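Quick notes on the structure that follows.
Values in this text are rule-based calculations from the coordinates and carry no lab data. Predicted model, so just to flag it, every value in this text is computed and none were measured. Here Cβ is always computed from backbone atoms with ideal geometry, including for glycine, and neighbour counts include all displayed protein chains.
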């Protein structure tokens, strides 16, 4: 068995292609018709533009840090360690106000998988 720390050391974070200060560590292939998994890091002050995931829910389990997620139809939702946030498919949302570097386990799932 490989020790967890050794596995973590081998993971590589890549900058998000559209959102500065947001980093992704892909844990699964990028295939829109399947579940997609990633570890996500949002640096202090990082903000993403309002966006949506067509046909896919965006689910986050917050591991550490602090910030806010705006979700259309819901409003502002705080994000702190232990929180679980589910943004329904095709729903505008935007993480912002990151006051402590935020780490989350992120799952994108086709609407039919919910």
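Here are the numbers for the structure shown:
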| read-out | value |
| --- | --- |
| Debye intensity ratio in log₁₀ form over the Cα atoms of the range 6-114, taken at each q of 0.22 Å⁻¹ | -1.34 |
| Relative packing of 49-60, 91-102, which averages over residues the other C-beta atoms within 10 Å, highest first | 91-102, 49-60 |
| Ascending count of other beta-carbon atoms within 10 Å, so fewest first, for 33, 83 | 33, 83 |
| CD proxy at 222 nm, helix term only [per DSSP H run n ≥ 4: -39500 (n - 2.57); per residue of the chain; nearest 500] | -1500 deg cm²/dmol |
| Full-extension gain in nm, residue 44 to residue 25, via 0.36 nm per residue minus C-alpha separation | 5.1 nm |
| Order of 70, 23 under a 10 Å beta carbon neighbour criterion, fewest first | 70, 23 |
| Fewest-first ranking of 61, 19, 84, using other Cβ atoms within 10 Å as the exposure measure | 84, 61, 19 |
